[in-house]
2 protein chains.
Amino acid sequence: MSERLRFTLADTDAPRQWYNLLADFPEPLPPPLHPGTKEPVTPEMMTAIFPENLVAQEMCSDRWVDIPDEVRDIYALWRPTPLLRAVRLEKALQTPAHIYYKYEGVSPAGSHKPNTAVPQAYYNKLAGTKRLATETGAGQWGSSLAFACKVFGLECVVYMVKVSFQQKPYRKLMMQTWGATVHPSPSEVTDFGRKMLAEDPHCNGSLGIAISEAIEDTVKHPGTKYSLGSVLNHVCLHQTVIGQEAIKQMELAGEAPDVIVGCVGGGSNFAGISFPFIGQKIKAGKNYRIIAVEPESCPSITKGDLRYDFGDTAEMTPLLMMHTLGHKFMPPSIHSGGLRYHGMAPMVSHARKLGLIEATSFPQLKIFEAGVLFARTEGIVPAPEPCHAIAAVIEEAVKCREEGRKKVILFNLCGHGMLDLPAYDTYLSGKMKDVED
Amino acid sequence: MSERLRFTLADTDAPRQWYNLLADFPEPLPPPLHPGTKEPVTPEMMTAIFPENLVAQEMCSDRWVDIPDEVRDIYALWRPTPLLRAVRLEKALQTPAHIYYKYEGVSPAGSHKPNTAVPQAYYNKLAGTKRLATETGAGQWGSSLAFACKVFGLECVVYMVKVSFQQKPYRKLMMQTWGATVHPSPSEVTDFGRKMLAEDPHCNGSLGIAISEAIEDTVKHPGTKYSLGSVLNHVCLHQTVIGQEAIKQMELAGEAPDVIVGCVGGGSNFAGISFPFIGQKIKAGKNYRIIAVEPESCPSITKGDLRYDFGDTAEMTPLLMMHTLGHKFMPPSIHSGGLRYHGMAPMVSHARKLGLIEATSFPQLKIFEAGVLFARTEGIVPAPEPCHAIAAVIEEAVKCREEGRKKVILFNLCGHGMLDLPAYDTYLSGKMKDVED
């Protein structure tokens, strides 16, 4: 080979522990509050919807948390994931920058989401849970949990945001193939869903509404617990396998990243790639620029307030200290269903407040332009969500060309776009708008 | 981890040469014949539709052929591919057998097809070709060639069997995202397509018809060459990276396969996994059972004659010595579009004649039953084509249980089924038949 383009980790180098950034934040993370008393929530309050072992993990501040063997056995299906150098994209941009990407699309569901779905299903199984309820946007999370539940023998019910249910029919089929039950949200099967439909029968849904429905389902069905695919501390924790692998793989590549980029919706894939690097930034004084990229039409971290807000529309969750557009915010029907969330993971919000990361946003047409260029140079069709990261990477790489400076850029390609191809069709046929109605 | 389940090859262990079984067959392969003279075709005759360098490779009998650096650079996007142990399937079957699978679904197009699309595009580029024409069944091949053409800067036109064009719309979108032009076949853009449509306006198409259209397109457009995704010697050659990697990975696993299984349509993924093992069988006296598995409704290798026949419906190709159902055979509209071919690769046919491999077939409902079991235990949703291999593996593994014998079974999981999910939906909703009308 002309140059080394792929950096494969040995199976024995797969992480054995998750990395917990909570242990290293220079200021403690503000705790979740009870909406009535405004006091920090106790573990007992959270066990109504989560099993005790995951509540303990949510509140744990140990720096390293062991990954159970049973989880590592399933991770082995797709981990370690590849780190690749995007030389053909570099060439197309005529940039002196070196662009690397971590590719999470090799998982069974096609994204990073199984990294947390598998441990969540495992800990629930251990705790005696029989059935998991969840929400999903684009369906990446719902399909990942459907897969994980099937592997550990749990039932799975998914409330899928209605606009995505319609835009991404294959995701629904995927969940059903893994044996899950899927309802379009707002649905007729919960009180809150019926209430929303009564107010607006054409309601497209949102992650906030779907979360409310899944929580209502949980508290009404004995043996059922709730599972969330982003936002929470334990979800960010599980995703750190991505960044830990990337650190070792960048060492194999013999370069250190100047800039690290990830897209953000709830924040989980961004946390996964960036938190281990942020740990190095805090403890070892490393000088990384770390950039979170979100949709211009759902701009929680770039334009939202940093304040306590509900995680869901029906006000059933504790209050979380996070960047938020307000829990009643109804995001437009963009194709990046995984990024249509009013809030931002408290840990990601905290990292932004402490100046450890930056944030930016792009409109829909720009990110599809970036996605098509990536597909046509590198060969992988990216999901619309990581196209946000790609748009930011291209902007950085073009700046490098203009300034004649080499930089090393790393981003997380958190999923492929095989089930998002109708969105590419809409873009390529010129019918896409920045904000869909 | 409880037991090692993943066997990752180092990047430096990726094959640097393709393995050519032609060098080791105990009897020479009967040559392709000119349909008029019945004399062996000369290289000159083949250069009407193929570039000289690929014609030379088609006729080459060197045991090892170097893989160009430019091809290895692109292979690095997804190769080496994983070898995995299917412990959860073993457990579900309560079998003492150890089941391993080589997973080719991690490629950009989701199957093994880019293994030959990339070198074909590369050699054509080198030879000055501007545009490649091809046919595709399920779309795995067409999308792989679209990807490879885009990477090397060639135009790409694909004639896609009409029933698959309708069943698998996402495959068409994938080709378009990579910049290819896609026509449903029979199409209105070739004489032969128009003739077929005049005879039967509802004709579902077949690989044989689509090949005829692509060849007609090739000879009528200057600068255009034809590319075939299976059947030919050079295609089988390119796919041997699969089996070469698998041999090294089985060594990592510390076991030798007793049984090696692959599905067959034109024969390319089967050739890929099996030819390097057949080489060992011939030269090192290894005692592998090697099984080719095809659809019961398109049974070329189990029920077809071994004789000279055309590769296409319009009788434009040379005559090939192969197992065939006759070049006018119209296969039923099963969901395994990649296996709807009347013939079988001459090299695979020859291996069968020499007793180096066995063959068997399964009906459609049986293979989807196997695919769903695999998806729900192992977690990967397989394409319908390799579900044929899985059905045979399950049969073997159950026999092991019944006989109380441990065997080591290896199969090629040549692609995932993400773009075949509507077929799973048809199966799970009870609407599938063994033979669709």
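Conditions tested, residue by residue: (1) closer than 24 Å to A:Leu126 by Cα; (2) open to solvent by 10 Å² or more (accessible area, probe 1.4 Å).
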position	(1), (2)
A:Thr181	yes, yes
A:Glu199	no, yes
A:Ala210	no, no
A:Lys220	yes, yes
A:His234	yes, no
A:Lys248	no, yes
A:Ala253	no, yes
A:Ile260	no, no
A:Val264	no, no
### Query
Counting only residues that are hydrophobic (A, V, I, L, M, F, W, C) and touching a helix residue (DSSP H, G or I) at 6+ places or on another chain (Cβ under 7 Å), which one in region B:102-128 is farthest from the other protein chains (Cβ to nearest Cβ)?
B:Ala127
### Scope region A:401-436; condition touching a residue at least 60 places away in the same chain (Cβ under 8 Å), crowded, with 23+ Cβ neighbours inside 10 Å and within 14 Å of another protein chain (Cβ to nearest Cβ); matching residues
A:Leu413, A:Gly415, A:His416, A:Met418, A:Leu419, A:Asp420, A:Ala423
### Query
Mind checking which residues of region A:331-355 are more than 13 Å from A:Leu207 (Cβ to Cβ) and basic (Lys, Arg)?
A:Arg352, A:Lys353
### Message
Just the residues that are surrounded by fewer than 24 Cβ atoms within 10 Å (Cβ to Cβ) and at positive phi, please, taken from region A:102-131.
### Response
A:Gly128
### Unique residue being of a type outside the set (Ser, Thr, Tyr), closer than 21 Å to A:Pro332 by Cβ and either outside the structural domain of A:Ala92 (by TED's automatic domain parsing) or touching a helix residue (DSSP H, G or I) at 6+ places or on another chain (Cβ under 7 Å) (or both) when the list is A:Glu385, A:Glu369
A:Glu385
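Which residues, counting only those in region A:186-208, are touching a strand residue (DSSP E or B) at 6+ places or on another chain (Cβ under 7 Å), within 24 Å of A:Met46 (Cα to Cα) and at pLDDT 95 or above?
Within region A:186-208, A:Val189, A:Gly193 meet the criteria.
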### Task
Name the one entry in A:Ile49, A:Ile67, A:Ile99, A:Ile74 that is within 20 Å of the chain's Cα centre (by Cα), more than 9 Å from chain B (Cβ to nearest Cβ) and surrounded by 16 or more Cβ atoms within 10 Å (Cβ to Cβ).
A:Ile67
### Task
Test A:Asp312 against the criterion of being surrounded by fewer than 24 Cβ atoms within 10 Å (Cβ to Cβ) and touching a residue at least 60 places away in the same chain (Cβ under 8 Å), and give yes or no.
no
### Query
If B:Ala383 satisfies every condition in (1) surrounded by fewer than 23 Cβ atoms within 10 Å (Cβ to Cβ); (2) closer than 22 Å to B:Ala86 by Cβ but one, which is the exception?
(1)
### Query
Of the residues in region B:200-251, how many are without any contact (Cβ under 8 Å) to a residue 60 or more places away in the chain and part of a helix (DSSP H, G or I)?
3
### Message
Tell me the residue from B:Ala397, B:Ala351, B:Ala392, B:Ala345 that is open to solvent by less than 10 Å² (accessible area, probe 1.4 Å), over 21 Å from the mean Cα position of the chain (by Cα) and away from every other protein chain (no Cβ under 14 Å), please.
### Response
B:Ala397
## Note on the structure
Being over 24 Å from B:Pro332 (Cβ atoms), more than 21 Å from the chain's Cα centre (by Cα) and β-branched (Val, Ile, Thr) narrows B:Val118, B:Val189, B:Val106 down to just B:Val189
### Query
What is the one condition in (1) closer than 21 Å to A:Arg376 by Cα; (2) outside any helix (DSSP H, G or I); (3) open to solvent by 10 Å² or more (accessible area, probe 1.4 Å) that B:Tyr159 does not satisfy?
(3)
### Query
Can you name every residue in region B:401-416 that is over 22 Å from B:Pro382 (Cβ atoms) and in contact with a His (Cβ under 9 Å, 6 or more places away or on another chain)?
B:Lys406
### Query
Hey, any hits in region B:357-367 for a residue that's open to solvent by 10 Å² or more (accessible area, probe 1.4 Å) and on the phi > 0 side of the Ramachandran plot?
no
### Query
Out of all the residues in region A:331-342, is one or more at pLDDT 95 or above and out of contact with any Cys (no Cβ under 9 Å at 6 or more places or on another chain)?
no
### Query
Before we move on, is A:Ala148 among the hydrophobic types (A, V, I, L, M, F, W, C), buried (at least 24 other Cβ atoms within 10 Å of the Cβ) and touching a residue at least 24 places away in the same chain (Cβ under 8 Å)?
yes
### Query
Do you know which residues across region B:279-299 are in contact (Cβ under 8 Å) with a residue 60 or more places away in the chain, open to solvent by less than 20 Å² (accessible area, probe 1.4 Å) and farther than 18 Å from B:Met347 by Cα?
B:Pro295
### Task
Among the residues of region B:11-42, count how many are open to solvent by less than 50 Å² (accessible area, probe 1.4 Å) and within 14 Å of another protein chain (Cβ to nearest Cβ).
3
### Query
Any residue in region A:366-379 that is out of contact with any Cys (no Cβ under 6 Å at 6 or more places or on another chain), more than 14 Å from chain B (Cβ to nearest Cβ) and either over 23 Å from A:Lys113 (Cα atoms) or free of Cβ contacts under 8 Å to residues at least 40 places away in the same chain (or both)?
yes
### Query
Within region A:252-260, is there a residue that is assigned by TED's automatic domain parsing to the domain that holds A:Ser333, touching a residue at least 60 places away in the same chain (Cβ under 8 Å) and assigned to a helix (DSSP H, G or I)?
yes
### Task
Tell me which residues, restricted to region A:125-156, are touching a Lys or Arg at 6+ places or on another chain (Cβ under 9 Å) and assigned to a strand (DSSP E or B).
A:Arg131, A:Leu132, A:Ala133, A:Thr136, A:Glu155, A:Cys156
## Note on the structure
Selection over region A:261-301 where residues are among the charged types (D, E, K, R), farther than 27 Å from A:Gly208 by Cβ and not in a strand (DSSP E or B) yields a count of 3
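The values are calculated or read from the model by the stated rules, or taken from the named source; none is laboratory data. Bear in mind the structure is a predicted one, so any value in this text is a computation, not a measurement. Positions of Cβ are backbone-derived with ideal geometry, glycine not excepted, and every protein chain shown enters the neighbour counts. Accessible surface areas use protein heavy atoms only, side chains included; no ligands, DNA or RNA. Shrake-Rupley method; radii C 1.70, N 1.55, O 1.52, S 1.80 Å.
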